[in-house]
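The values are calculated or read from the model by the stated rules, or taken from the named source; none is laboratory data. What you see is a predicted model; the values in this text were computed from it and never measured. Here the Cβ positions follow ideal geometry from the backbone for every residue, glycine too, while neighbour counts run over all protein chains shown. Heads up: the accessible areas ignore ligands, DNA and RNA and are worked out on the full protein's heavy atoms, side chains in. Shrake-Rupley method; radii C 1.70, N 1.55, O 1.52, S 1.80 Å.
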Amino acid sequence: DSGVTQTPKHLITATGQRVTLRCSPRSGDLSVYWYQQSLDQGLQFLIQYYNGEERAKGNILERFSAQQFPDLHSELNLSSLELGDSALYFCASSVGASGRETQYFGPGTRLLVL
Amino acid sequence: QQQVKQSPQSLIVQKGGISIINCAYENTAFDYFPWYQQFPGKGPALLIAIRPDVSEKKEGRFTISFNKSAKQFSLHIMDSQPGDSATYFCAGTKTGANNLFFGTGTRLTVIP
């Protein structure tokens, strides 16, 4: 158990809908990362927050947005969902903001868009 | 643009054999190279990492070999066991960067 929690575990929704994925980092960790994992794309980095502020942006679509709250939990919002958004979404946390820090991954949220 | 390229995509090894996964990177500023291990249904977890000031790092049955001039590094799993069956991701990053650049992953299956 990494200490990172993600909810929900599974999510089934329809095209065009909007969903929110939630992540609670390990106690003491200030950084939260979001990743998308699909079968043929590996781990795609989406976005990183550190202590409430956006620190790095990867291949995140404009339809997706994220934020980190004062209690350090983070939410990833996916809107106007398309079939291709079906994937596993992971959250990871680390103590600091550096990419050299160990990232602790949550169990993931499996999103299925029908 | 894939900053870290990983091969093979999948690998099947007999129990007791050596598993080898290769990665190559483009950015010469990269100075930290971790490997993450992901079991089915779980999130990835850090397995072992290396910095380019050493050519090899060993932890138990897992060894990273690093070739700075070729911009390549590899993971060797000695005496592979069925419990090693997982997906392995290499990654790279540089000082000052906030995120890791992951390879596309290698699914390892160790057959008894």
I'd like to check something: does region B:19-32 contain any residue that is at pLDDT below 95, within 14 Å of the chain's Cα centre (by Cα) and open to solvent by 70 Å² or more (accessible area, probe 1.4 Å)?
no
(1) within 15 Å of B:Gly43 (Cβ to Cβ); (2) small (Gly, Ala, Ser); (3) free of Cβ contacts under 8 Å to residues at least 24 places away in the same chain: which one isn't true of A:Ser65, the others all being true?
(1)
Within region B:68-103, can you find the residues that are open to solvent by 70 Å² or more (accessible area, probe 1.4 Å), without any contact (Cβ under 8 Å) to a residue 40 or more places away in the chain and polar (S, T, N, Q)?
B:Ser69
Of (1) open to solvent by less than 40 Å² (accessible area, probe 1.4 Å); (2) among the hydroxyl-bearing types (Ser, Thr, Tyr); (3) closer than 28 Å to B:Gln2 by Cα, A:Ser65 satisfies every one except (1)
Here are some residues: A:Gln48, A:Gln37, A:Gln6. Which one is open to solvent by less than 50 Å² (accessible area, probe 1.4 Å), part of a strand (DSSP E or B), at pLDDT below 95 and in contact with a Phe, Trp or Tyr (Cβ under 9 Å, 6 or more places away or on another chain)?
A:Gln37
Looking across region A:51-62 at residues that are closer than 21 Å to A:Leu112 by Cα and surrounded by fewer than 16 Cβ atoms within 10 Å (Cβ to Cβ), the single one that is nearest to the other protein chains (Cβ to nearest Cβ) is A:Asn59
Within region B:39-57, the residues that are out of contact with any strand residue (DSSP E or B) (no Cβ under 8 Å at 6 or more places or on another chain) and either outside any loop (DSSP other than H, G, I, E, B) or in contact (Cβ under 8 Å) with a residue 12 or more places away in the chain (or both) are none
Counting only residues that are in contact (Cβ under 8 Å) with a residue 12 or more places away in the chain and either among the hydroxyl-bearing types (Ser, Thr, Tyr) or in a helix (DSSP H, G or I) (or both), which one in region A:85-111 is nearest to the other protein chains (Cβ to nearest Cβ)?
A:Tyr104
Return the only residue of B:Phe62, B:Phe101, B:Phe89, B:Phe73 being aromatic (Phe, Trp, Tyr) and modelled with pLDDT under 95.
B:Phe101
